[in-house]
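Here the structure is laid out as structure tokens; the discussion comes afterwards.
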Amino acid sequence: MLFTLITVVIELTGYLEPGPVPDLNPTLLLVGGRLAIDFANNPSYPGMPTQNLSWDELIRFLEASRIVSAERGASLLALPGSDPDTAQALLSRAVRLRDALRKAFSAIVKKEGIAREWSEPINQILRITEGHDELVFEGNAWKMEFKAREGGLAWLLAAIARSAAEIIVEGAQARLRICANSDCGLFFSDKSRTHRRRWCSMAICGNRHKVASFARRHAS
């Protein structure tokens, strides 16, 4: 009975299962609590850190974060086929931003200084965000949409850069943490009442820890 219980929990949480983790969300699992933190984590899944960022993953993130609509996202997904240079330029800029955020956020968690060069990818995007908000009618509703003064697609990263700048300015007050699962490494903002949150996702990394502890205690 005990073995059966452990097996069921392992299957539900994925603990010790080397295969791919199922997609619990058809769009994206965002656990960071703030836009720039979620982007720094992208495209990692809890317990499965990764460095690569594909064009599809970038657009999925922009959709999941509501930076672009599903219709706009579908159009952007086709961009590498029609304008590969523009798509590659945006992806390269996004990767530079993401990597700089990971370094800066790690420094904040460790209470270390943030190197000035890590701020440059953020500032590069902030510089091109001059523009204005504009009312647009989409589908059957009105919404506000930012219109960049400059051409190109870098404005798609503007809200992320702004969020990152705010977190860096806040420093320790942002309550930035790294998941206690040593095999994970995802960042999150600790908004818990006691400010003692340990896991990026209690449903995944937290449960894996519980299952591991349970298995060790009842090992024969």
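Nothing in this text is a laboratory measurement; each read-out follows from the coordinates by a stated rule. These numbers come from a predicted model, not from an experiment. Heads up, the Cβs are rebuilt from the backbone with ideal geometry, glycines too, and the neighbour counts pull from every protein chain shown.
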Just subtract the alpha-carbon distance of LYS147 and THR50 from 0.36 nm times their residue separation and send over the number in nm, one decimal. 31.7 nm
Please give the net charge around ALA100, taking every other residue with its beta carbon less than 13 angstrom from that of ALA100, where Lys and Arg add +1 and Asp and Glu add -1. +3
For a paramagnetic label modelled at 7 Å from the Cα of ARG116 toward its Cβ, which residues of the range 77-102 fall within the zone defined by backbone nitrogen distances under 17 Å? none
Rounded to one decimal in nm, the spacing of the 7 Å Cα→Cβ label points at LYS191 and ASP99 is 3.1
Applying the Karplus parametrisation 6.51 cos²θ - 1.76 cosθ + 1.60 with θ = phi - 60° to the phi angles of the range 72-83, what ³J(HN,Hα) value in whole Hz is obtained for each residue in order, glycine and proline being reported as x? 5, x, 4, 5, 5, 4, 8, 4, x, x, 9, 8
Phi to ³J(HN,Hα) by Karplus 6.51 cos²θ - 1.76 cosθ + 1.60 over the range 52-58, Hz, x for Gly, Pro: 6, 9, 8, 4, 4, 5, 4
Using a Förster distance of 35 Å, the FRET efficiency for GLU170-ASN140 (Cβ separation, nearest 0.05): 0.35
Once amide H atoms are built 1.01 Å from N in the peptide plane, which residues 5 or more positions from GLY131, or in another chain, come under 5 Å H to H? ARG149
